[in-house]
Each structure stands twice: as C-alpha cells, then as structure tokens.
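Inspection log for the structure reproduced underneath, given as structure tokens.
The values are calculated or read from the model by the stated rules, or taken from the named source; none is laboratory data. Quick caveat, the model's predicted, so the values are computed rather than measured. Note that each Cβ is placed from the backbone with ideal geometry, even for glycine, and that neighbours are counted across all protein chains shown. All accessible areas refer to the heavy atoms of the entire protein, side chains included, with ligands and DNA or RNA removed. Shrake-Rupley method; radii C 1.70, N 1.55, O 1.52, S 1.80 Å.
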Amino acid sequence: MPKSKRDKKVSLTKTTKKGLEVKQSLIEELRKCVDTYKYLFIFSVVNMRNNKLKDIRSAWKHSRIFFGKNKVMMVALGRGPADEYKENLHQVSKHLKGEVGLLFTNRTKEEVNEWFSQFKEVDFARAGNKATFTVSLDTGPLEQFPHSMEPQLRQLGLPTALKKGVVTLLSDYEVCKEGDVLTPEQARVLKLFGYEMAEFKVTVKCMWHSETGDFQQLVKETEETSEMEEEDGEEENDN
C-alpha cells in the first residue's frame, strides 16, 4: 500500500528547539528593554480583554509592553539576588503571578499612574464573572430579535414563543441577581440584551528604577488580589 503524503513524522526535538529559540528571543528582548528604558512598571489586569490591551499598546507606542509568559519573564529578570540581570530585579519577579504585565518606559511614575487610573472600559461579562446588578426582563414582545432567534433564546432558558411572527417573552424572567456567579447561559443572555457588567481595569502595582536599582511597591496587596494571583492564570499571549 503506497504511503500517504500526509503520513509525515514530526520531530519533537525540532519543535522543542523552536520553542526554546522563541523563549530565548523573548529573554533577550526583555533584557534589552531593561538596558534601554529608565523605568519598569508591573501592572495587573482585571477582566482581561485582548482588544483593550491592544488599545493600550497603541497609546504607548513610545514604550514597550509585555504581557503573559510570566515564567520566561522571571528567567529574564532573575528569580533571586544570585541570578538577577540587574540589582533588585528579582523583586519584580516576585510579582509576576496571575494576569500581570511589564511596562518599560521613560515616562514618570506620575504620568503612568495618571494615564492608567483613567483607562477603564466596560465590556460584556463572561461566565465566572459576578453580576454587578440584578437584571429582570418584562413580559412582552422582543422586537429587537428576528424570529429565527426564538429557538436560541428558548434554549438559553427564556420562556419565549413566536406570536404572529414576533419573538415574545411569555412571562417575567430574572436573568441574574446582583452577586451571582454567571453561568455561560446567563452571560450569553446579558450580551444579547446589551447589559455590560465587566470593567477592564489596569492597576500599576510596582516600579523599578534602572539608574538606581530602587524597587517600589505602589499598591498594597489585598487578600483578594493575593488569592487571584495564587490561581496563577498565566496567559500565553503574544508579546
């Protein structure tokens, strides 16, 4: 039987080598930024959205932002005093847990804090988020939806039916209560009805000064923040 052209063996050693090369390239890029920029800030993100992070990158083209790949960033900066790339960078590594990123810039602490404190954008909540307010739907026609949407709405748990070709809610329906941990179905319903509950927010946590080696913690760690970091939801986003 002739051998299929698709039946090709993939060398795992080559795959690993390529992965190592990517990591090494990132390490070199990070260290280059350490040598180039005056300040290094560590920031955390709540309700991460890639499109929002893209907006931040566009606004900070004069600087460099790295997000995700926490373990690789720790290797680049150094995990302890013995292997840190520059003085006190191991203090930065201690905070590389969870959804955090690095901002290399020549802008001052005051400029960075002012800009990021004002950058807050709301978005649709996802499953697992907490409802920030109660949402109830009243009985009656849902004219914003085409008739073809009725089966989908019913599948999501809404008491709907078609009346004279119009999607109609047959009884009052409570989508969620304030404080509820949202299910995938609830999150989908909220999005369909246009209720935004998630706030994309960036908190600047720490700062490192390249000229002096000084490390400064800018916000106190709360129990909630610590628990979130321990979950270590390390994102593997492209830098």
Checklist entry - Taking Ala131, is it surrounded by 16 or more Cβ atoms within 10 Å (Cβ to Cβ), touching a Lys or Arg at 6+ places or on another chain (Cβ under 7 Å) and within 24 Å of Gly179 (Cα to Cα)? => result yes
Checklist entry - From the list Tyr195, Tyr173, which residue is within 25 Å of the chain's Cα centre (by Cα), open to solvent by 30 Å² or more (accessible area, probe 1.4 Å) and among the aromatic types (Phe, Trp, Tyr)? => result Tyr195
Next on the checklist: If I filter segment 176-188 down to residues being in contact (Cβ under 8 Å) with a residue 40 or more places away in the chain and part of a helix (DSSP H, G or I), which single residue comes out as surrounded by the fewest Cβ atoms within 10 Å (Cβ to Cβ)?
Outcome noted: Pro184
Next on the checklist: Quick check on my filter: what residues within segment 134-161 are over 20 Å from Phe124 (Cβ atoms), touching a residue at least 24 places away in the same chain (Cβ under 8 Å), open to solvent by 40 Å² or more (accessible area, probe 1.4 Å) and not in a loop (DSSP other than H, G, I, E, B)?
Outcome noted: Pro141
Next on the checklist: Looking at the structure I just gave you, is Lys164 open to solvent by 60 Å² or more (accessible area, probe 1.4 Å), charged (D, E, K, R) and touching a Lys or Arg at 6+ places or on another chain (Cβ under 9 Å)?
Outcome noted: no
Checklist entry - Applying the selection to segment 56-93, what residues are small (Gly, Ala, Ser) and surrounded by fewer than 17 Cβ atoms within 10 Å (Cβ to Cβ)? => result Ser58, Ala59, Gly80, Ala82
